[in-house]
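K.L.:
One structure is given below, represented as structure tokens, and several questions about it will come after.
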Amino acid sequence: MAERVRDLVRPDLRDLIPYAVPHYPGYIKLDANENPYDFSSEVLIRIFQKVGGQTFTRYPDPMAADLRRALAGYTGLAPGNILAGNGSDELILTLLLTFGSGGGVIITPPTFSMYKIHARIAGAVTVEVPRLKDFAPDVPAIIRAARAADVKLVILCSPNNPTGNVVSRDGVEALLSETAGLVLLDEAYAEFAGESCADLVPRYPRLVVLRTFSKAFGLAGLRVGYLLSDETVISELLKVKQPFNLNAFSQLAALTVLEHLPVFEERIQRIIAGRRELYHRLKEIPGVEVFPSRANFLLFRTPLPAVSVYEGLLKHRVLIRNVEGPGLERCLRVNVGTPEENETFVKALVDVVS
Ligand SMILES: Cc1ncc(COP(=O)(O)O)c(C=O)c1O
């Protein structure tokens with residue numbers, strides 16, 4: 001029976017390994033770049049006050065109009081330039097299904113692993129243009145690759161997960177000027193970098209900027225993402241998007257977050273201060289090389305195989321991410337936690353590497 005089912009699967013998906021998420025209840029969790037601070041109780045109360053009698057009985061607004069209006073205020077763009085999704089992951093897949101299937105998609109490893117997985121699910125051909133030694137994207141090489149292949153989409157991440165560096169504005173504009181496809185700029189961590197290319201959207205109709213409520217706004221569990229692009233791109237995406245992709249509760253929660261921005265801004269500043277502190281602590285550990293980051297996580301290299309460090313930290317009940325791979329030899333990624341979590345992590349790491 002299992003054999004029969006396997007035969008029925010699309011041949012190009014037979015060897016795909018399902019995305020695995022480690023589950024260690026009670027451990028210090030610094031592996032998924034989530035917001036370490038409890039969600040504000042003041043904002044939570046406000047969300048529940050707003051939940052009305054019809055919130056759950058009716059289908060949600062397919063266009064998330066109220067949320068998009070609020071996002072227009074937050075991003076400085078028009079509601080028509082915004083599409084909300086069930087996490088930004090869903091929007092990456094929607095974009096690839098709409099534009100990528102059967103064509104080429106450029107990614108710049110080391111980068112966020114879901115681009116390659118979603119490209120494969122969408123039946124697109126992934127073209128890899130590795131980043132330079134300092135992890136900056138190799139813009140001239142991307143332009144050459146985009147011209148050589150039937151490339152529909154270039155995906156860049158800024159700040160890049162897991163390396164933490166931002167792509168220059170000039171680089172984004174050069175890509176848009178010198179290639180003919182869409183450019184997806186994933187700004188999941190933009191609030192921690194303090195800079196964004198969202199304002200380029202009105203000037204470049206092939207630019208798509210992707211954002212999320214999962215990181216700076218602490219809503220990872222409610223799955224809210226959005227993209228910013230030209231109305232023509234959005235009208236094509238609507239052909240593929242599930243009509244009721246973003247549930248009513250999440251729409252309401254994200255809207256309420258935008259009505260309380262100072263609460264979240266204060267947490268973002270605490271995380272940025274924590275990043276600075278953690279960077280210096282890691283730098284002091286003999287044999288550890290830590291890379292500068294504009295996101296809410298840090299990439300570091302150790303003298304030991306990454307798997308030994310990962311497992312050693314698990315013995316201290318600390319969970320981080322092993323990102324070992326080409327260009328990231330002996331590297332791990334840790335997200336900035338609360339000061340107490342950071343302290344426990346640093347002490348555990350000193351113990352593991354010494
Ligand atoms: C670069 C990047 N893009 C997108 C996502 C997905 O975020 P969401 O929770 O909005 O699906 C992540 C999550 O870690 C990420 O690191």
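K.L.:
Since residue 56 meets every condition but one in (1) in the same structural domain as residue 16 (by TED's automatic domain parsing); (2) in contact with a helix residue (DSSP H, G or I) (Cβ under 8 Å, 6 or more places away or on another chain), which condition does it not meet?
P.N.:
Failing condition for residue 56: (1).
K.L.:
Could I ask something else about it? Please determine whether any residue of the range 178-190 is away from the ligand (no atom under 13 Å from the Cβ), under 30 Å from residue 266 (Cβ atoms) and outside any loop (DSSP other than H, G, I, E, B).
P.N.:
No.
K.L.:
Can you name every residue in the range 144-162 that is more than 16 Å from residue 228 (Cα to Cα) and out of contact with any Lys or Arg (no Cβ under 7 Å at 6 or more places or on another chain)?
P.N.:
144, 145, 146, 147, 148, 149, 150, 151, 152, 160, 161
K.L.:
Further question on the same structure: Please specify each residue of the range 278-298 satisfying the condition of being exposed (fewer than 14 other Cβ atoms within 10 Å of the Cβ) and not in a loop (DSSP other than H, G, I, E, B).
P.N.:
Listed by number, the residues that qualify are 280, 283.
K.L.:
For the range 149-177, enumerate the residues that are more than 16 Å from the chain's Cα centre (by Cα) and part of a strand (DSSP E or B).
P.N.:
151, 152, 153
K.L.:
Quick check, is residue 56 hydrophobic (A, V, I, L, M, F, W, C), out of contact with any Phe, Trp or Tyr (no Cβ under 7 Å at 6 or more places or on another chain), in contact (Cβ under 8 Å) with a residue 40 or more places away in the chain and within 16 Å of the ligand (Cβ to nearest atom)?
P.N.:
Against the criterion (hydrophobic (A, V, I, L, M, F, W, C), out of contact with any Phe, Trp or Tyr (no Cβ under 7 Å at 6 or more places or on another chain), in contact (Cβ under 8 Å) with a residue 40 or more places away in the chain and within 16 Å of the ligand (Cβ to nearest atom)), residue 56 does not qualify.
K.L.:
Working carefully through the options 317, 333, 301, find the one that is assigned by TED's automatic domain parsing to the domain that holds residue 29, of a type in the set (Lys, Arg), touching a strand residue (DSSP E or B) at 6+ places or on another chain (Cβ under 9 Å) and crowded, with 24+ Cβ neighbours inside 10 Å.
P.N.:
Within the list 317, 333, 301, the selection yields 333.
K.L.:
Name the pairs whose Cβ atoms lie under 8 Å apart, with the first residue in the range 192-204 and closer than 22 Å to residue 178 by Cβ, the second in a helix (DSSP H, G or I) and of a type in the set (Ser, Thr, Tyr), and 6 or more positions between them or separate chains?
P.N.:
198/75
K.L.:
Could you list all residues from the range 199-236 that are within 16 Å of the ligand (Cβ to nearest atom), in a helix (DSSP H, G or I) and surrounded by 16 or more Cβ atoms within 10 Å (Cβ to Cβ)?
P.N.:
The answer is 220, 222.
K.L.:
Separate question: Considering 36, 79, 109, 25, which residue is within 30 Å of residue 310 (Cα to Cα) and away from the ligand (no atom under 16 Å from the Cβ)?
P.N.:
When all the criteria are applied, what remains is 25.
K.L.:
From the set of residues in the range 122-148 that are surrounded by fewer than 17 Cβ atoms within 10 Å (Cβ to Cβ) and touching a residue at least 40 places away in the same chain (Cβ under 8 Å), which is farthest from the chain's Cα centre (by Cα)?
P.N.:
Result: 123.
The values are calculated or read from the model by the stated rules, or taken from the named source; none is laboratory data. Just so you know, these numbers come straight off a predicted model, no measurement behind them. With ideal geometry, Cβ positions are generated from the backbone for all residues, glycine too; neighbour counts draw on all protein chains shown.
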